[in-house]
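Working notes, beginning with the structure itself.
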Amino acid sequence: MSKLPLPELILVPFDPVAIEREVFETFETILGRAILPGEVEYLLAHGQAYREVLAYQRMNEALRQCLVRYARFPALDYLGDLVGTPRLLGRAAKCIMRFTLRAALGVDMEIAAGTIVLTRDRKVRFATDTVLVIPAGETYGDVIAIAETSGTAGNAYDIGAVNILNVPISNVTAASVSITYGGADVETDERYRDRVLEAPEGFSTAGPEGAYRHHAMLAHQDIVSVAVLSPSPGVVNVYPLTADGVPSEDILSLVTAALSNKKVIPLTDLVEVLAPEAVEYSIDVTLTLYSEADATIVSAAATQALEKYAASTRLKLGADVVLSQLIGSIARIDGVYSVAFTTPSATVEIEDDQFAICTDIDVAIAEERIDG
């Protein structure tokens with residue numbers, strides 16, 4: 001997307017005041033007299049002008065849906081089809097499920113594919129994806145279980161939290177032996193819009209930096225930023241960053257698979273997908289306020305502004321934590337006279353394969369007050 005700020009796009013210009021004036025003039029011409037406030041005709045004219053303004057607004061909104069920058073679902077999806085870029089659908093969470101026998105058997109024990117195990121709170125159902133055979137003499141076996149519904153709701157259940165067999169099996173218990181992971185909601189309009197705008201990068205075999213980034217972003221909708229570096233000729237290191245920070249092994253594997261297609265990458269490129277490095281920093285700032293300022297309100301506003309800034313830099317690889325930007329984010333809050341940062345004392349420089357993560361925000365209010 002262009003870095004230039006663009007004005008609000010009005011494809012069919014209209015002036016509500018002019019529309020109202022024209023409607024009143026039309027009514028008065030037909031009636032042959034002036035319309036006075038309180039008359040039925042006055043109310044009808046106002047209603048007609050309002051409907052005409054709404055019609056212009058709807059017309060403009062419909063036309064804007066033809067442009068990627070403004071389009072929303074489902075119009076955005078149709079525009080994505082034009083460049084071969086469908087929206088990423090939701091993904092189901094999964095885990096490793098262990099079925100345990102009360103005692104070893106003399107024959108193989110088979111657990112059917114599709115066996116349902118519920119979470120402890122009974123909100124999510126997981127189904128085994130293949131037949132599990134527990135060999136004779138063994139007491140347990142492990143198998144992958146996948147949530148029946150896609151989305152993030154199935155993520156982050158602790159080990160053992162998926163443990164209720166939907167249909168009890170004699171002398172068999174079940175429990176997850178890994179944290180549930182991998183679930184993702186349908187790709188948001190904002191993320192999808194960025195991918196549609198960058199879709200032309202994917203028309204080339206991944207060689208340009210943008211092409212590698214495009215194909216990596218296709219791997220999973222939790223990926224929010226991708227860095228592509230070439231430490232030596234023919235070697236390409238790809239660093240995906242997720243909304244949660246360092247990507248899981250599962251997401252690294254998905255990106256690796258996406259960039260292993262020989263139709264996607266040059267045959268001479270050696271591609272390695274790596275986790276980015278987290279660079280921790282803390283924010284410690286003291287605010288001097290005007291005498292009439294409410295310290296509680298100002299402190300809360302400053303904390304919120306700093307949290308917003310920290311969140312924005314955490315979601316982008318290579319984004320420096322710029323001291324002047326930190327100062328600017330809180331200096332204009334009503335009631336603030338001056339800002340003094342203890343940490344960071346200077347800009348925190350972040351390499352392209354790193355991301356900044358704020359570990360603590362401490363906003364203090366100086367005892368001294370300034371008369372405003």
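The values are calculated or read from the model by the stated rules, or taken from the named source; none is laboratory data. Source: prediction; values computed, not measured. We place every Cβ from the backbone using ideal geometry, glycine too, and count neighbours over all the protein chains shown.
Brief remarks on what is shown
- Of all residues in the stretch 244-266 being outside any loop (DSSP other than H, G, I, E, B) and without any contact (Cβ under 8 Å) to a residue 24 or more places away in the chain, the one that is farthest from Ala92 (Cα to Cα): Thr256
- Among the conditions (1) closer than 22 Å to Asn166 by Cα; (2) at pLDDT below 95, the only one that Ala104 does not satisfy is (1).
- Among the candidates Glu307, Glu280, Glu292, the residue that is of a type in the set (Asp, Glu), touching a residue at least 40 places away in the same chain (Cβ under 8 Å), outside any loop (DSSP other than H, G, I, E, B) and over 13 Å from Asp362 (Cα atoms) is uniquely Glu280.
- Residue within the stretch 94-101 that is aromatic (Phe, Trp, Tyr) and within 30 Å of Gly141 (Cβ to Cβ) present: yes
- Which listed residue is assigned to a loop (DSSP other than H, G, I, E, B) and more than 30 Å from Ala156 (Cα to Cα), from Leu89, Leu67, Leu54: Leu67
- Apart from one condition, Ala184 fits all of (1) modelled with pLDDT under 95; (2) more than 27 Å from the chain's Cα centre (by Cα); (3) within 30 Å of Gln221 (Cα to Cα); the exception is (2).
- Subset of the stretch 147-160 [more than 25 Å from Asn171 (Cβ to Cβ), over 17 Å from the mean Cα position of the chain (by Cα) and β-branched (Val, Ile, Thr)]: Thr149
- Of the listed requirements (1) exposed (fewer than 13 other Cβ atoms within 10 Å of the Cβ); (2) more than 30 Å from Ile96 (Cα to Cα), Asn261 misses just one: (2).
- Any hit, the stretch 186-201, residues being surrounded by 18 or more Cβ atoms within 10 Å (Cβ to Cβ), among the β-branched types (Val, Ile, Thr) and touching a Leu at 6+ places or on another chain (Cβ under 9 Å): yes
- Of all residues in the stretch 318-372, those that are within 24 Å of the chain's Cα centre (by Cα) and assigned to a strand (DSSP E or B) total 9.
- Selection of the stretch 331-361 for residues being within 30 Å of Glu292 (Cα to Cα) and surrounded by 13 or more Cβ atoms within 10 Å (Cβ to Cβ) yields Ala331, Ile333, Gly335, Val336, Tyr337, Ser338, Val339, Phe341, Thr343, Pro344, Ile361.
- Within the stretch 125-139, being free of Cβ contacts under 8 Å to residues at least 40 places away in the same chain, touching a Leu at 6+ places or on another chain (Cβ under 9 Å) and either in a strand (DSSP E or B) or surrounded by 20 or more Cβ atoms within 10 Å (Cβ to Cβ) (or both) holds for one residue alone: Ile134.
- Looking across the stretch 264-285 at every residue that is within 25 Å of the chain's Cα centre (by Cα) and among the β-branched types (Val, Ile, Thr), the one that is surrounded by the fewest Cβ atoms within 10 Å (Cβ to Cβ) is identified as Val279.
- Of the residues examined, Asp77 is not one that is within 22 Å of the chain's Cα centre (by Cα), modelled with pLDDT under 95, over 29 Å from Ser170 (Cα atoms) and in a helix (DSSP H, G or I).
- Contacts under 9 angstrom Cβ, first residue in the stretch 37-58 being within 17 Å of Ala18 (Cβ to Cβ), partner basic (Lys, Arg), 6 or more apart: Ala49/Arg21
- Residue match in the stretch 92-114 (condition: part of a loop (DSSP other than H, G, I, E, B), under 23 Å from Ala184 (Cβ atoms) and in contact (Cβ under 8 Å) with a residue 12 or more places away in the chain): yes
- All positions within the stretch 194-218 that are free of Cβ contacts under 8 Å to residues at least 40 places away in the same chain and part of a loop (DSSP other than H, G, I, E, B): Glu198, Ser204, Pro208
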